[in-house]
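The values are calculated or read from the model by the stated rules, or taken from the named source; none is laboratory data. Please read all numbers here as calculations on a predicted model, not as lab measurements. Here Cβ is always computed from backbone atoms with ideal geometry, including for glycine, and neighbour counts include all displayed protein chains. For the accessible areas, the whole protein counts, side chains as well, though only heavy atoms, and no ligand, DNA or RNA atoms are used. Shrake-Rupley method; radii C 1.70, N 1.55, O 1.52, S 1.80 Å.
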Amino acid sequence: MSNLSKSPLRVAREALAVATQALPAYAHRFSPKKFTQPQLFACLVLKTFLKTDYRGLAAHLADHSDLRAALGLRAVPHYTTPQKASRRLLRLPVARRLFRTTVRRFLKRRRKVRRAALDSTGLDCGHASRYYIRRRNGARKQWQTVAYSRYAKLEAAFDCRSHLLVGVLVGRGPRVDTDRFVPLLDATLANVRVEAALADAGFDSEPNHRYAREVCGVRSFIPAKIGRPTAKPPRGRYRRLMKRRLNKGYGKYGQRWQAETGFSMFKRRLGAAVNGRSYRSQCRDLLVMAITYNIMLLHVITGFLQSKSRRN
């Protein structure tokens, strides 16, 4: 399993380097120029890493001079400054550019991933305790089994070798995954080239296989399990192929579980809930969490390579 950085100072430095590469210093020539866009984005990453709110971020920056020095801050920004900056810096086109920068800084000259594991997961909206959710239906003397009807949904593609996020989509669930394979694959191919895409049975569809193999040139491996149980072979050329190969323990498909490992790392270090109340704020939270995850992973790998080059 890959390791994620535990140092807020190092994560802040890496976030500043990523944003400096992807963003201009200022949004407009008439901006106040008190803080640069890379500095404000690094503050957002630091807030996500520390799992705090905007007031907590301002308190951390006020108490730790080394964090201010790492970010080049001459003054502590008011807590509303990064909050307003998040609406601008986490718009979808800008967030995609920042995310792509983390992927390319990690892969260096390599632009191809041998195997990518595609999957989706849900995150809580709010921080109500599990005990409260189960007990709030106590008037009927029954345990509540459904905690909510909507949740924040993260669709992601992981590099099976390093657990790096190479593609990400954000939205709201619940919804089926069958029609989400093509958008997620397109989002992944916008960042890297993929030899094989591994997904679970929720993405099973003959058009998904045709799009991946015939249009994109990516070998897709998805168990053919959707539909009524029957002894007949599945309909469609590629679904029949999956039925023959994956039922015999096809070796490469075993790496699909790296997506589960990646989501486990993601939720253990960054939390399993988003703070946003509205749909747009929840999407911004998911995007900055995905970028922060890559930055935490990026620093560990680059630090390891630098220490190895010094020894040599």
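The order of 195, 155 by accessible area, most exposed first and with a 1.4 Å probe, is 195, 155. Solvent exposure of residue 30, expressed as accessible area, is near 150 Å², computed with a probe of 1.4 Å over the protein chains only.
Here segment 54-89 and segment 155-179 have alpha carbon centers that stand 30 Å from each other. Taking the average, over residues, of other Cβ atoms within 10 Å as the packing measure, peptides 209-221, 255-267 rank 255-267, 209-221 from highest down. For segment 34-90, treating each Cα as an identical point scatterer without solvent, what Debye log10 I(q)/I(0) comes out at q = 0.23, 0.31 1/Å? Debye output, listed in q order: -0.85, -1.63.
Taken per residue, the accessible surface of the chain reaches 54 Å², heavy atoms only and a 1.4 Å probe.
When DSSP beta bridges are limited to those with both residues in the chain, what percentage is antiparallel, rounded to the nearest 5? The antiparallel proportion sits near 60 percent.
3J(HN,Hα) along segment 191-208, derived from phi through the Karplus expression 6.51 cos²θ - 1.76 cosθ + 1.60 where θ = phi - 60°, amounts to 9, 9, 8, 10, 7, 9, 10, 10, 9, 7, 5, x, 9, 5, 5, 5, x, 5 Hz, with x in place of Gly and Pro.
Counting heavy atoms of the protein chains alone, residue 7 has an accessible area of about 30 Å² for a 1.4 Å probe.
Put simply, the amide H of residue 113, placed in the peptide plane, has neighbours under 5 Å in 193, 194, 195, leaving out anything fewer than 5 places away on its chain. Sequence-ordered 3J(HN,Hα) estimates for segment 110-122 from the Karplus curve with 6.51, -1.76 and 1.60 and θ = phi - 60° stand at 6, 10, 10, 10, 5, 9, 10, 9, 9, 6, 9, 8, x Hz, glycine and proline given as x.
Here the spin labels are modelled as points 7 Å beyond Cα on the Cα-Cβ line, and at residue 230 and residue 79 they lie 6.0 nm apart. All other residues whose Cβ lies under 15 angstrom from that of residue 199 are scored, Lys and Arg at +1 and Asp and Glu at -1, for a net of -1. Taken along the Cα-to-beta-carbon direction at a fixed 7 Å, the label points for residue 179 and residue 210 span 1.7 nm. Using the alpha-carbon centroid of each, what span in Å lies between segment 197-240 and segment 104-125? Using only Cα atoms, the two centres lie 21 Å from each other.
What FRET efficiency do you get for residue 272 and residue 114 if R0 is 35 Å and r is their Cβ-Cβ distance, rounded to the nearest 0.05? It comes to 0.75.
Relative to the current alpha-carbon distance between residue 33 and residue 193, full extension at 0.36 nm per residue lengthens the span by 53.7 nm.
Distance between the pseudo-spin-label points of residue 21 and residue 161 (7 Å out from Cα toward the beta carbon): 1.7 nm. FRET efficiency for the residue 124 to residue 55 pair, using the beta carbon distance and R₀ = 25 Å, is estimated at 0.70. Under 5 Å from the amide H of residue 172 lie the amide H atoms of 153, each residue being 5 or more positions distant or on a separate chain, with H modelled from the backbone and absent for Pro and chain starts. Sorting the segments 105-112, 159-166, 289-296, 84-91 by their mean number of nearby beta carbons within 10 angstrom, highest to lowest, gives 289-296, 159-166, 84-91, 105-112. The accessible surface of the chain, taken with every protein chain in place and a 1.4 Å probe, is 49 percent carbon and sulfur.
Computed about the Cα centre, the dipole magnitude for segment 1-123 is approximately 800 debye when only Lys and Arg (+1) and Asp and Glu (-1) carry charge, each at its Cβ.
Taking amide H as placed 1.01 Å from N in the peptide plane, residue 224 has its amide H under 5 Å from the amide H of 243, each at least 5 places away in sequence or on another chain. Dividing the summed -39500 (n - 2.57) terms of all DSSP H runs of n ≥ 4 by the residue count of the chain sets its mean residue ellipticity at 222 nm at -15000 deg cm²/dmol.
Here are labelled values, [x] 45, 21, 18; [y] 30, 22, 19; [z] 36, 26, 17, and one is the computed semi-axes √(5λ) of the Cα gyration tensor in Å for what I pasted. Which one? Among [x] 45, 21, 18; [y] 30, 22, 19; [z] 36, 26, 17, the one calculated here is [z].
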